[in-house]
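Presented below is the structure to which this report refers.
The values are calculated or read from the model by the stated rules, or taken from the named source; none is laboratory data. Owing to the predicted nature of the structure, the values given are computational and were not obtained by experimental measurement. Cβ sites come from the backbone with ideal geometry, for glycine too, and all protein chains shown count toward neighbours. Surface accessibility is based on the protein's heavy atoms, side chains included, excluding ligands, DNA and RNA. Shrake-Rupley method; radii C 1.70, N 1.55, O 1.52, S 1.80 Å.
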Amino acid sequence: MNRPVTLAALTSPDPTRPDPMPVQIHRDLLAAIRDGRLPEGVRLPSSRAAAEGLGVSRATVNTAYDLLRSEGVLTIRPGAAPEVIAPRVLSTRPQPAAAPALSKRGRNLSTDPRAASYIVERGVMHPGAPAESLFPADEWAQALRRAARQRHGDLANYNAPFGLPALREVLAERLATDRGLWVDPEQILITTGAQGSLALVAQVMTDPGETVAMEDPGFMGARAAFLGAGLEIAPVPVDEHGLKPGLVPGDARLIYATPSNQYPLGHRLSLPRRLELLDRARAQDALVIEDDYDSEFLWRGREIAALAAHGESGGVVYLGTAAKVLMPALRIGWMVVPEALIGPMLAAHRNLGLMANLHAQLALAEMMRSGRYRAHLRRIARAYEARGNALTAALSDIKGIEVHAPDGGVQLTVRFRDGCDEVPVLTALAEAGFRPARLSAYCLAEPMYGLIVGFADATPDRIDRFAQVLGKALT
């Protein structure tokens, strides 16, 4: 090739990027040499011509050329255009090495059962997601700023990996007043959320091949944690009164339940069944995992204390998070463990690296202590209740579905009466920008067909549009 190449087709240095412009030019041209776009013997423009073409100084181009020359891929001689040297090691793309084989545990951990729930990656009215627009940004920023400006001594290192005393203490008070659960702060572990808590319990309390009983349909995150631990999942059906304790298999080592607001159907576990479940677990020496899912948002009926608050709580691990009241991405959850399990759980928690951010913990503790957390909860609870009722009303006249006003939470279930194929409906909704979940994917035994629809971000316009698209897709 006699004429020098045009560098503008290969690199576009930008002074706003973090890397210096000579480094950007060097990196882009080296990549072009590697993949064969600048083959052996091709000539580059002089530094003057290159500078004019790229809109940079000659010094910038000369520095980039010198970097290429130092790597042995460019020759520079006085009075001659720089010429590319393409060593075989660079000009020939290496063949990708075969990936190492995964272990059985690795295969379990890398399988995500949630993948079957959706047909698109993004969209509004996604189940389980709070409305970011309702996040108390100013209050959180102020609390976080105060926490960041403090000196924390040993707490800033590794001295409280399972949670800061300030947060554990205020959580103990809140659990007593709000959930009827009286515990010592030492029984509370701060985690990165419900998923981390579930994984911790499954890893510590079971061996691969053992059985865990869980609600059917049930929470995908729990299924992922149990499969990752190598457990056999025994589905237990639910009805309008919640999980049926009499159908829990006798060899179950763990029993997972969402008694306050069953996910995804939204039923509440009745008091007789709560007591029956505890008796069942005690009789077969099983540990109950109480995921207190969406207990902050209950619109109807008398409040019922947490399952762990009934009688002796030595057989229950209680899970909670700030995900719905604040934001899932803050990654703050908590679990209450029986006193006999404190030592093993603390050690395993540290070994698995489930430590939550120090400043976020302190900010949350301050908001809870000051009352701002509870005030924010009251505001968003009213908003979510109104949105859930509005969505139910908009869907109530659509033929072929069954929908009930939610008793709580931030999602509701739409059941297809005739077992209608979910995929065309999900596709139509996805094309309109919505991302509900497929109900059948949450089922392990007898399938149910329908949608799980989030309403936390359901504006009036979105509700109307959702109802129109759904009604049309079902006709």
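Worth pointing out:
- Extension gain for residue 270-residue 282 works out to 2.5 nm (0.36 nm per residue, less the C-alpha to C-alpha distance).
- Taken along the Cα-to-beta-carbon direction at a fixed 7 Å, the label points for residue 23 and residue 427 span 4.8 nm.
- For the stretch 106-158, alpha-carbon Rg relative to the globular expectation (2.2 N^0.38 Å, N residues): 1.91
- The rule of thumb for compact globular proteins, 2.2 N^0.38 Å, goes into the C-alpha radius of gyration of the stretch 1-48 1.19 times.
- Straight-distance candidates among the lysines for linking to residue 399, with alpha-carbon spacing under 25 Å and chain neighbours fewer than 8 residues away dropped: 472.
- Between 0 and 90°, nearest 10: helix 194-205 axis offset from the chain longest Cα axis: 70
- Within-15-Å neighbourhood charge of residue 110 [Cβ basis; K, R +1; D, E -1]: +4
- If R0 equals 25 Å, the separation of the Cβ atoms of residue 151 and residue 377 corresponds to a calculated FRET efficiency of about 0.20.
- Alpha-carbon Rg with Dmax, taken over the stretch 96-239, Å: 19.8, 59
- Euclidean distance between Cα centres, the stretch 357-375 to the stretch 243-257, Å: 36
- Think of the chain as a dipole: +1 on every Lys or Arg Cβ, -1 on every Asp or Glu Cβ, centred on the Cα centre; then among 320, 332, 219, 332 lies furthest on the positive end.
- FRET E, pair residue 475, residue 370, Förster distance 51 Å, beta-carbon r, rounded to 0.05: 0.45
- The alpha carbon convex hull volume per residue for the chain rounds to 212 Å³.
- Taking every DSSP helix (H) stretch of at least 4 residues in the chain, weighting each as -39,500 (n - 2.57) and dividing the sum by the residue count yields a mean residue ellipticity at 222 nm of -11500 deg cm²/dmol.
- More than 23 Å apart - percent of Cα-Cα pairs taken over the stretch 244-377: 42
- Compactness of the stretch 327-437 is given as radius of gyration and Dmax, 20.6, 55 Å, from Cα positions.
- Heavy-atom surface analysis with a 1.4 Å probe gives the chain a carbon and sulfur content of 52 percent of its accessible area.
- Averaged over its residues, the chain has an accessible area of 47 Å² per residue, based on protein heavy atoms and a 1.4 Å probe.
- Three semi-axes of the equivalent ellipsoid, the stretch 188-326, Cα gyration tensor, whole Å, largest first: 21, 18, 14
- For the stretch 381-454, the mean projected area of the C-alpha convex hull, equal to one quarter of the hull surface, is 5.3 nm².
- Shape of the stretch 129-183, Cα gyration tensor, a/c cut at 1.5: oblate
- Largest-first principal axis extents of the Cα set of the stretch 336-391 (Å): 46, 26, 21
- Relative to the longest principal axis of the Cα atoms of the chain, the long axis of helix 372-395 lies at roughly 90 degrees.
- Compared with the dominant principal axis of the Cα atoms in the chain, helix 137-149 is inclined by about 70°.
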